[in-house]
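The values are calculated or read from the model by the stated rules, or taken from the named source; none is laboratory data. Everything numeric in this text was worked out from a predicted model, so none of it was measured. Cβ placement follows ideal geometry from the backbone for every residue including glycine, while neighbour counts extend to all protein chains displayed. Remember, those area values only see protein heavy atoms, side chains included, never the ligands or the DNA or RNA. Shrake-Rupley method; radii C 1.70, N 1.55, O 1.52, S 1.80 Å.
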Amino acid sequence: MSLQELTEFIVKNDFPKFRAKQIFGWLNKNVISFDEMSNIPTNLRLFLESSCYISVANIEKRLVSRYDNTVKYLFSFNDGECVEAVVMTYKYGHSICISTQVGCKMGCTFCATGKSGFSRNLTAGEMLAQIEAAQRDLNVRISNIVLMGMGEPLDNFENVVKFIQLASSDEGLNIGARHITLSTCGIVPKIYELADYRFGITLSVSLHAPNDQIRRRTMPIARKYSIDELLQACKDYFKTTGRRVSFEYSMISGVNDSDANARELANRLLGMNCHVNLIPVNTVEGTGYLKSNIKRQQSFINILAENNIAATVRRTLGSDINASCGQLRRKHFNEGGK
Ligand code: SAH
Ligand code: SF4
C-alpha cells in the first residue's frame, strides 16, 4: 500500500490518521511482523494481524562469492514460489538486482529464467520484500536497484509501476528514481507508457542483436516488434524523460559477435544518446551458446568506439555463484525444490 492507501484504510477502520504514517515508517524499517511495531497500540496491532499481511522474502539459499562481495539469494514467498536476487557492492554503495516475476513468459533462448517457464507475477510488496530481506541480512542500506532479475518488468506493468513509486517516495525506501534501472526485452507499447510516467529511472533495453534476423533467433519478442520500432520507442523515451537509454548486448560466440555485427549495430545506434553494455553471455546448460572470447570482445568494442558509440564490457561479478538470471532457481528446482 502507498501511504495514501494505508491512511484511507486506517481512517476507514476508525483508527487515528497519524497511525498510518507510523505503520508506513515501520514497513520501511524492514520489519517482518506487526509485533515489532512497538509504538502501535495492541488493539491496532491485533486488527492489522487479522486483516493485513506483510510481504516477506524468506532466505532459502544464500551464496557469497569468493572473488568479490557479491551475495546471491534464493528467496521464497508464502506460497513457496522462489525468486533470485543479487547484491553487489561497488565503491558508491550497495546495488541490488531484484526479480519482478516468478519465471518469465518471454522465452529468450540464452536465458535460464526463460527456459524455466512462467509461474506468476510478483506484487509490489514482494519486490520491496527482496530489498528489505537483503538489507536486514547484510545490515546495509541498499542505494541502487536494478530490475534485472527474473522476469520481464514490463509484462508486470502495474505492480512494477507501484513498486517504483513506493521505492522512490520520500516516505518509502527513498531511493531516488535516478538510482533505479529497469531492464526490458523490449515490449514497445509499454516503453511509451512507462515514459509517460516520467519517473526519471534509467531504461535498459536488451538488444542482443544488430538486426531483426539475428534477434528473432534468440528473442521471441523480436517477432512481435521490429528493431526499428524498438529504437524509435527508445528515442521517444529519451525525448520524454531526458534519460539516456542503455542497451544490453550479450555476446554469443558465432551468433552476434562478428565485426560486421558490430558495424551494423553502430550504424543503427548512430546519433542516439545511449550507452552499450557488452556482456559475455553466461553459459546456461542446454542452450549450446558460448561466450565470445576476449579478442572478439575487444574487436567489437573497438568498432563501436570508432563509431562514437559509448560502450563498456560489463564486469562479471559473482561468476562462481550462479549470479546470472535464473540459474540458481533452476538448480534448486532440479535438486527437488519448488
Ligand atoms: N526481462 C528483462 C530483465 C531481466 S533479464 C530483460 O530481458 O531485459 C536481465 C538481463 O540479463 C537481460 O539483458 C537479459 O538479456 C540478460 N541475460 C539473460 N540471460 C543471460 C545470459 N545467459 N547471459 C548474459 N545475459 C543474460
Ligand atoms: Fe525473460 Fe529477460 Fe530472460 Fe528474456 S532475458 S526470458 S525477457 S528474463
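The table that follows gives values for the structure above.
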{"read-out": "Inter-residue pairs, beta-carbon under 9 Å, first closer than 23 Å to residue 95 by Cα and of a type in the set (D, E, K, R) and in the stretch 176-190, second within 14 Å of ligand 1 (Cβ to nearest atom) and open to solvent by less than 30 Å² (accessible area, probe 1.4 Å), 6+ apart", "value": "178/201; 178/202"}
{"read-out": "Candidate set: the stretch 1-21, residues that are surrounded by fewer than 16 Cβ atoms within 10 Å (Cβ to Cβ) and touching a residue at least 12 places away in the same chain (Cβ under 8 Å); chosen: the one nearest to residue 124 (Cα to Cα)", "value": "2"}
{"read-out": "Qualifying strands (runs of 3 or more DSSP E) (wholly inside the stretch 58-130; at least 3 residues being under 17 Å from the mean Cα position of the chain (by Cα))", "value": "71-76, 82-90, 93-97, 101-103, 118-121"}
{"read-out": "In the stretch 170-200, residue nearest to ligand 2 (Cβ to nearest atom) [restricted to those that are of a type in the set (A, V, I, L, M) and more than 22 Å from residue 232 (Cα to Cα)]", "value": "180"}
{"read-out": "Criterion violated by residue 262 - all others in (1) within 19 Å of residue 312 (Cβ to Cβ); (2) out of contact with any helix residue (DSSP H, G or I) (no Cβ under 7 Å at 6 or more places or on another chain); (3) assigned to a helix (DSSP H, G or I) satisfied", "value": "(2)"}
